[in-house]
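Here the structure comes first, spelled out in structure tokens, and everything after it is commentary.
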């Protein structure tokens, strides 16, 4: 009899713990950090930074999709979101998938342009889910189109700022030796 060969896991236990902590941090950010701005998508400044840092610390495809799903489930469980639980889960998941795709196609979020674009795509993805939900709920198209351009612009700017903030945090962590510390823990 041959012994079963252990299949290597894609994420280590340590990486899964990190991703789960970042998922919780996204939800805590939505609850605690309220910027006094009355702009659509302004929360993307802080939580896109969290997603970019999470992708920088766990540089594997699918890492941010997992963070998006977990944070969406947690946010829905806590009653966050303005259109219900399903919208909340899908919008958080869309943000995670958006950042994941940009990081996959651009080779990570280490270059400043990749981090900025990841923040933009992640924040705009959430807006597009909200727009799709409005279409599904049959909200008049003129109402949706009127706010779409303004919302797209503010989400883009907030996502850009969040991506840049995440890039700055990753750079500071690298300079402080945090990545060497993580390499020892893995």
Being free of Cβ contacts under 8 Å to residues at least 24 places away in the same chain, under 20 Å from residue 18 (Cβ atoms) and touching a helix residue (DSSP H, G or I) at 6+ places or on another chain (Cβ under 9 Å), is that true of even one residue in region 139-153?
no
When both residues are 6+ apart or on different chains and their Cβ atoms are under 7 Å apart, which pairs have a first residue that lies in region 73-99 and is in contact (Cβ under 8 Å) with a residue 60 or more places away in the chain, and a second that is part of a helix (DSSP H, G or I) and crowded, with 23+ Cβ neighbours inside 10 Å?
92/68; 92/71; 92/72
Which of (1) at pLDDT below 85; (2) buried (at least 18 other Cβ atoms within 10 Å of the Cβ); (3) within 23 Å of residue 160 (Cβ to Cβ) does residue 81 not meet, given it meets every other one?
(3)
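On the basis of being more than 21 Å from residue 120 (Cβ to Cβ) and either modelled with pLDDT of 90 or more or under 11 Å from the mean Cα position of the chain (by Cα) (or both), does residue 73 make the cut?
When the stated conditions are applied, residue 73 passes them.
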Quick check: anything in region 51-65 under 22 Å from residue 153 (Cβ atoms), at pLDDT 85 or above and under 14 Å from the mean Cα position of the chain (by Cα)?
yes
Report yes if residue 128 is within 19 Å of residue 69 (Cβ to Cβ), part of a helix (DSSP H, G or I) and modelled with pLDDT under 90, otherwise no.
yes
Mind checking whether some residue in region 4-27 is at pLDDT below 85 and within 17 Å of residue 98 (Cα to Cα)?
no
If I ask for residues that are part of a helix (DSSP H, G or I) and either in contact with a strand residue (DSSP E or B) (Cβ under 9 Å, 6 or more places away or on another chain) or surrounded by fewer than 16 Cβ atoms within 10 Å (Cβ to Cβ) (or both), which ones from region 57-78 would you list?
77
Within region 102-118, which residues are under 11 Å from residue 55 (Cα atoms) and assigned to a helix (DSSP H, G or I)?
102, 103, 104, 115, 118
Options 45, 31: the member that is out of contact with any strand residue (DSSP E or B) (no Cβ under 9 Å at 6 or more places or on another chain) and surrounded by fewer than 19 Cβ atoms within 10 Å (Cβ to Cβ):
31
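The values are calculated or read from the model by the stated rules, or taken from the named source; none is laboratory data. These numbers were taken from a predicted model, which means no experiment stands behind them. Reconstructed Cβ throughout: ideal geometry from the backbone, glycine too, with neighbour counts over all protein chains shown.
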